[in-house]
Amino acid sequence: MHQEKHNIKSLIKQLLSIPSISCTSEEIDQGNLQVINLLADWFEPLGFHCEIQMLDKKRNKANLIATIGSGNNGLVLSGHTDTVPYDESRWQVEPFGLTEKDDRFYGLGSCDMKSFFAVIREALKQIDLNKLQQPLIILATADEETSMSGAKAIAKHADTLGVSNARTAVIGEPTGLKPVRMHKGMLMEAIQLVGQAGHSSDPALGNNALEAMHKVMSELLRWREELQSKHSNPLFEVPVPTMNFGHIHGGDNPNRICGSCELQIDIRPLPGMKLSDLRAEMQVRLKNVLQGSGIQFKTIPLTDGFDAMDTDKNSEIVKLAEKMTRSESQIVAFGTEAPYYNDIGLQTIVMGPGSINQAHQPDEYIEVKTLNPAVDVIRQLIVHYCYKK
């Protein structure tokens, strides 16, 4: 029974059976504390010191920082414990269970990314933890799929949590076990204009926010051209920063002057472009284009967003992971928690079993054959970073 309880299939099943959806909609959003407690129950008996960092007691949101060994050159293995929502009508299998068929484990979070914690637990079976000369730190975070509040809280309190005692981090997102060293950032912003409503028969009775938004959009398109001519990175499939106009709403009737209008945009910056700089420049440009118009404007971040990830291709972790996996490091389109760990001085890569193509899909799955190679690579990384002084 003990063996069954701790084989990799059983470990994954335990994780999948606990719903931990994070969503911007409060009705759908769930806590992850139960998953965090389960992981603490896995790692504590092995000698890990498990600290639970509460983020929101009312909503049961928490991080786990599980540490064993001491020193200041250790290794972080990190993953998020939340999943995206799911559409029940499109699932053929039970989302909150493990269904094994066609040499795959199906279930919500199987690929993205609860199985990574089972991989770590399995790798530890083959490690003599008494031999550690450097700390091994396992991070399990909340809300990666929405606000990234978990990774932010860890980065903010890295010193007191002991995370700064590491120098390298591996985030186990599904990358087909190929090391990822670079991805774009993301910024989502709402631009709100307020003018003056009035009867359309006399334009002098109002101040048209929709017409003002036309000026704003023209200015944003000019800015997009400038950004794309100034910034380019041929390593990305889309080598320039992008700006998408995703949603617009204004006015209420064709015979009324439009009193207010909102545009929502998405910007994907390249490494080297800071969100704070982009937000500041947007303010200046909007102020200039609307000057003297009598239109009031404000910008509202729809999410905090995140900066791009960029880990030097010559850094030790990138070189080592390339050698271990016999694959060149990758540049990807999706975002991760990596920028927060790079910012606190950890050399960070993203690398884990499974394919990103299965993430966020109905009948999400991970191929069983990907798990043992992942266990082997994680074991090698622990030995490399934590067995030597």
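What follows draws every value from the coordinates through simple rules; no lab data is involved. All values derive from a computational prediction rather than experimental measurement. Because the Cβ atoms are built from the backbone with ideal geometry, glycine has one as well, and the counts that use them run over all protein chains shown.
Rounded to the nearest 0.05, what FRET efficiency do Gln296 and Ser10 have when you use their Cβ-Cβ distance and R0 = 45 Å? For Gln296 and Ser10, the calculated efficiency is 0.15. With a Cα-only, solvent-free Debye model of region 1-87, what are the log10 I(q)/I(0) values at q = 0.16 Å⁻¹? Log10 of I(q)/I(0), two decimals: -0.74.
Here is the size of the chain from its Cα atoms: Rg then Dmax, 23.7, 83 Å. Every Cα-Cα pair in region 305-354 was counted, and those over 18 Å apart are 29% of them.
Between Cys261, Gln283, His199, the Cα set farthest toward the positive side of the dipole of region 185-297 (charges on each charged residue's Cβ, about the Cα centre) is that of Gln283.
Within straight-line reach of Lys274, meaning a Cα separation under 27 Å, sit the following lysines at least 8 residues removed in sequence or on another chain: Lys152, Lys156, Lys178, Lys184, Lys215, Lys230, Lys287, Lys298, Lys313, Lys319. Its Kirkwood hydrodynamic radius, worked out from the mean inverse distance over all distinct Cα pairs, puts region 201-350 at 18.3 Å.
Give the distance, in whole Å, between the Cα centre of region 29-63 and the Cα centre of region 230-248. Taking the Cα centre of each part, region 29-63 and region 230-248 sit 37 Å apart. On C-alpha positions alone, give me the angle between the axis of helix 209-230 and the longest principal axis of the chain, in degrees, nearest 10. Helix 209-230 sits roughly 50 degrees off the main axis of the chain.
If you look at the Cα atoms of region 329-389, you get an Rg and a Dmax of 14.4, 46 Å. Over the residues of the chain, the helix contribution to mean residue ellipticity at 222 nm works out to -9000 deg cm²/dmol, using -39500 (n - 2.57) for each DSSP H run of at least 4. Kirkwood's formula applied to the C-alpha pairs of region 28-69 gives a hydrodynamic radius of 10.6 angstrom.
In the chain, the longest principal axis of the Cα atoms and the axis of helix 33-43 are about 30 degrees apart.
Compactness ratio for region 149-216: Cα radius of gyration over 2.2 N^0.38 Å (N = residue count) comes to 2.24. Principal semi-axes of the equivalent ellipsoid, √(5λ) from the alpha carbon gyration tensor of region 78-140, are 31, 14, 6 Å from largest down.
Computed on the Cα atoms alone, the convex hull of region 27-133 gives a volume of 123 cubic angstrom per residue. For region 242-324, taking Cα atoms only, Rg and Dmax work out to 19.7, 67 Å respectively.
Between Asp128, Asp266, Asp112, the GNM of the chain built on Cα springs shorter than 10 angstrom shows Asp128 fluctuating the most.
Measure nothing but the geometry: give the 0 to 90° angle between the long axis through the Cα atoms of 316-325 and the longest principal axis through the Cα atoms of the chain, rounded to 10°. For helix 316-325, the angle is close to 70 degrees. Extension gain for Ser17-Ser218 works out to 67.4 nm (0.36 nm per residue, less the C-alpha to C-alpha distance).
Residue by residue, region 370-375 carries 3J(HN,Hα) couplings of 7, 6, 5, x, 5, 4 Hz when phi is fed to the Karplus relation 6.51 cos²θ - 1.76 cosθ + 1.60 (θ = phi - 60°); x denotes Gly or Pro.
3J(HN,Hα) along region 261-276, derived from phi through the Karplus expression 6.51 cos²θ - 1.76 cosθ + 1.60 where θ = phi - 60°, amounts to 8, 10, 10, 10, 10, 10, 10, 10, x, 7, x, x, 9, 8, 4, 4 Hz, with x in place of Gly and Pro.
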